[in-house]
Amino acid sequence: MARLGRIIILGLFFFVIQVRSQALRQLLINSDAICIVKRDSSITTNELLSDAFERIQTTSHVIVAEWLKPPKGKKIPQEIICKNVSEPAYTLQSNGYGIGEAFNNQEIRYDFLFLKKEKKNYRLILSYSCVGSKAYAIQEAIKKAIEISNLKEDKQRYAASVDFILSEYILNDLANFLADGSYTELMPESTFVRYYKQKGIITDSAILNAANQQRLKKFIISRFKKGESSYEYEKLVPLFYDRFKNETDLAIANCLEVLLKRKEKESESESEFGDNQYEIKKVLSILYACNKSYNLKEYYYSDDDNVFLVAKNLIDEIRKRYLQE
């Protein structure tokens, strides 16, 4: 192992800490190198730096399985050396980023490491661990995103980026390890959209072309029909709402009806602590974000029982409105 080329990461212990995820496009811009390592290749040592303050330096040596975005230079490192000093004021603990997850012992667990060059060393800006087919899907998604980022022509790169965000994250959810950030790339205020607006490629009213508006509308309305929703739709539905206002409003009315019928089937004890109020509020927030002509402002301040009444009244209002047209 000593003869192998090495790359040193200082600061974060990737076995323990995963930083908060971000949009894949932005992550690729921020990463100077990206690799996959196998967990079973690790050799880890601990060194007590100070008894009085319990400062421990953990050093891990790991073999790189594959470079998805290799570091610049003639020699491509084959070994990762990851160092972290644990301070008593900042003990390593779980923050909800996957620590302590149970994995099937028969499957190989992979780490995807996103690295930033700092002087002679690298800083880990994100790590993600997974197994099996999901690891392959993420690997392919990263490769595709890198290819798109290398396209030279603005219109081509924007079209490919939007297709990637829709296909990989929103519609197929292959790259859901970046769920905290990917869909926000399509928002009017995002760095991504503002950049291409300045280039004259798009406008606020045409972030998605007609075909992509249709794709996104079809996907979200299919979820509405099943009584499913998400607070993320508050940002996504406005991207196609003006073009498909009638169809979207009627789908929202259908979604609310499904949720209300679901509530009626629950026992009183279940409905008191159930998720129906929460689900209905999500749907109401989507319509409120798109269309202020419905009197929905007060529902934010309503108690749970009143939310059901607001939903029933809204269903009637939507259907009456479109019957009259």
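The values are calculated or read from the model by the stated rules, or taken from the named source; none is laboratory data. Small disclaimer: the values here were computed from a predicted structure and weren't measured. Note that each Cβ is placed from the backbone with ideal geometry, even for glycine, and that neighbours are counted across all protein chains shown.
Under 7 Å by Cβ, and 6 or more places apart or on different chains, what pairs join a residue from the range 192-220 that is more than 19 Å from Ile148 (Cβ to Cβ) with one that is among the basic types (Lys, Arg) and part of a loop (DSSP other than H, G, I, E, B)?
Gln213/Arg243
Checking Arg194 against (1) farther than 21 Å from Glu153 by Cβ; (2) not in a loop (DSSP other than H, G, I, E, B): exactly one of these is not met. Which one?
Arg194 satisfies every listed condition except (1).
Take Asp111 and tell me if it is surrounded by 14 or more Cβ atoms within 10 Å (Cβ to Cβ), acidic (Asp, Glu), out of contact with any strand residue (DSSP E or B) (no Cβ under 9 Å at 6 or more places or on another chain) and at pLDDT 80 or above.
No.
Given Leu239, Leu260, Leu284, which one is surrounded by 15 or more Cβ atoms within 10 Å (Cβ to Cβ), farther than 17 Å from Ile318 by Cα and either modelled with pLDDT of 90 or more or not hydroxyl-bearing (Ser, Thr, Tyr) (or both)?
Criteria check complete, one pass: Leu239.
Conditions: (1) modelled with pLDDT of 70 or more; (2) over 24 Å from Asp204 (Cα atoms). Asp275 meets all but one. Number of the miss?
Among (1) modelled with pLDDT of 70 or more; (2) over 24 Å from Asp204 (Cα atoms), the lone unmet condition for Asp275 is (1).
Of all the residues that make up the range 183-220, how many are modelled with pLDDT under 85 and more than 18 Å from the chain's Cα centre (by Cα)?
Selection size over the range 183-220: 2.
Hey, could you check the range 136-167 for residues that are under 30 Å from His61 (Cα atoms) and more than 16 Å from the chain's Cα centre (by Cα) and say which is surrounded by the most Cβ atoms within 10 Å (Cβ to Cβ)?
Lys144
Which one of the conditions (1) modelled with pLDDT under 80; (2) under 26 Å from Lys72 (Cα atoms) does Leu171 fail to meet, given that it meets all the rest?
Leu171 satisfies every listed condition except (2).
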